[in-house]
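Below is one structure; the comments refer to it alone.
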Amino acid sequence: MNSLSPSPRDKFTFGLWTVGNPGRDPFGGPTRPMLTPAEIVDLLGEVNGVHGVNFHDNDLVPIDASAREAEQIKTDFRKALRRTGIKVAMATTNLFTDPVFKDGAFTSNDAEVRAYAIQKTMRAMDLGAEFGARIYVFWGGREGAETDGAKDPVQAEARFRHALNFLCAYNLDRGYRMKFALEAKPNEPRGHMYFATTGHFLALIPTLDHPDMVGVNPEVAHEHMAGLNFTHAVAAALSAGKLFHIDLNDQEPGRYDQDYRFGSANPKQAFFLVKLLEDHRYDGFRHFDAHAYRTADRADVIEFARGCMRMYLILREKARLWNKDREVRRLLKVIHRHDRALERLTTGYSARAASRLLAMDFDRAELAARELPYERLDQRTIEILMGMK
Ligand code: GCO
Ligand code: MN
Ligand code: MN
């Protein structure tokens, strides 16, 4: 099979809220009809090669649906999953749309709202479990502030921790065996969001009651909004063994929350990201948390979804070419200077190693004069990306 044709083995997933996005924005109403969950699954079936679909509780069952309506929606959804072979990969809670969450959910200043948010999450976990979701995402959409007079951010963090501890225990109690993935974002919809970056969550996780159950769900756009290097955020998660899920999309710096098709704004960054994921054999879901331009009709939404997956596969192929490119390999040999003895000395502390290191002479001028042909390396990288031989 052509390596540019996606297959369910690639674990590409989309959310009901992404391909089902009707094109509403703060300045205008929908430009596309609202689709039912079953219709969205059918659309994903037409895209071809999609592994799974993800949902917030209320993407599937509206917050005010009656029990009978909920059953009907779930039955229709289940049938669509069966006819398309698409699986439910991840589930999450909508803790941001309803006005009750205007001041946050787990971090709200109102104890009753906090309790409701935890209850809503437990029910949403039940719903996710019913459809076999193994990953449960937490995105604190309204966990933040416009004025720091409103609440003590240390207390907000403690409230968030308590909620997660409670929900981890619920996960164990029910035997769901879900992995929790925490998603950071610096702003939008709040002026300032708590846990603004993936690094914030990596610092929180070891303070939880069940740290093994909890990892992160970094999103390209969210780190780029903060002007950060997304590949480095993912690297931090990978090296901590915490990359449980990933949200792929794109974002131009200094703009509103764009959620562009993966790789469409900054293909070079996207390349280094895909290379990192592939070099480190990330085997989780690759979720495209993006949506089609507001101008797109149904056919163009399908092209958008295909474009996300195709871009990933193109970059995966480029990473393979980069890794075996003769010029790149030659340059990497020059750049990486290995010294087994020294590496052993500096990676294992002992009093003897310390005194040996203290006794060594380093020729700073000679070290500083060694060549680092990064210009050549970067130009070669761009040439590979541009398809030059
Ligand atoms: C955003 C977020 C969301 C979350 C989703 C899953 O910017 O709105 O990326 O799309 O990923 O709510 O938790
Ligand atoms: Mn986002
Ligand atoms: Mn996201």
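The values are calculated or read from the model by the stated rules, or taken from the named source; none is laboratory data. No experiment lies behind these values; they were computed from the predicted model shown. Using ideal geometry, Cβ is built from the backbone for each residue, glycine included, and neighbour counts are taken over all protein chains shown. Please note that ligands, DNA and RNA were not included when accessible areas were found on the heavy atoms of the full protein model with its side chains. Shrake-Rupley method; radii C 1.70, N 1.55, O 1.52, S 1.80 Å.
The calculated FRET efficiency for Arg68 paired with Lys324, based on their beta-carbon distance and R0 = 51 Å, is about 0.30.
A P(r) calculated from all alpha carbon pairs of the chain, with 10 Å bins opening at zero, reads 4, 20, 29, 24, 13, 7, 2, 0 percent. Spread over its residues, the convex hull of the C-alpha atoms of region 326-385 is 98 Å³ per residue. Compared with the dominant Cα axis of the chain, that is its longest principal axis, helix 326-335 is turned about 70°.
Accessible surface of region 8-324, 1.4 Å probe: 52 percent of it comes from carbon and sulfur atoms. Dipole check for region 230-276: with +1 at the C-beta of Lys and Arg, -1 at the C-beta of Asp and Glu, and the Cα centre as origin, the magnitude is about 220 Debye.
Annotation: amide H of Asn266 within the under-5 Å range of Gln251, sequence separation 5 or more or interchain, hydrogens built in the peptide plane. Using only Cα atoms and rounding to the nearest 10 degrees, what angle (0 to 90) does helix 153-174 make with the longest principal axis of the chain? Taking Cα atoms only, the helix is inclined about 70 degrees. The accessible surface of region 326-385, taken with every protein chain in place and a 1.4 Å probe, is 53 percent carbon and sulfur. Taking GluC sites (Glu not before Pro) in DSSP loop conformation with at most 13 other Cβ atoms inside 10 Å as exposed sites, the chain has its longest uninterrupted site-free stretch at 147-370.
May I ask which residue of His280, Val100, Ala163 lies farthest towards the positive end of the charge dipole of the chain, with charges of +1 (Lys, Arg) and -1 (Asp, Glu) on Cβ and the Cα centre as origin? About the Cα centre, the residue reaching furthest to the positive side is His280.
Basic side chains Lys and Arg get +1 at the Cβ, acidic Asp and Glu get -1 at the Cβ, and with that the dipole of the chain about its Cα centre reaches some 1620 debye. By DSSP, the beta bridges lying fully in the chain are antiparallel in about 15 percent of cases. Cross-link reach is defined here as a Cα-Cα straight distance under 18 Å, omitting same-chain residues fewer than 8 places apart; for Lys389 the lysines meeting it are Lys268, Lys318, Lys324. What the chain shows is 51 Å² of accessible area per residue, with the surface traced by a 1.4 Å probe over protein heavy atoms.
Annotation for region 321-364: chymotrypsin sites (Phe, Trp or Tyr not before Pro) lying in DSSP loop with at most 11 further Cβ atoms inside 10 Å of their Cβ are Tyr349, Phe362.
If the Kirkwood radius is taken over C-alpha pairs of region 238-389, then at 37 °C and 0.692 mPa s the Stokes-Einstein diffusion coefficient equals 172 µm²/s.
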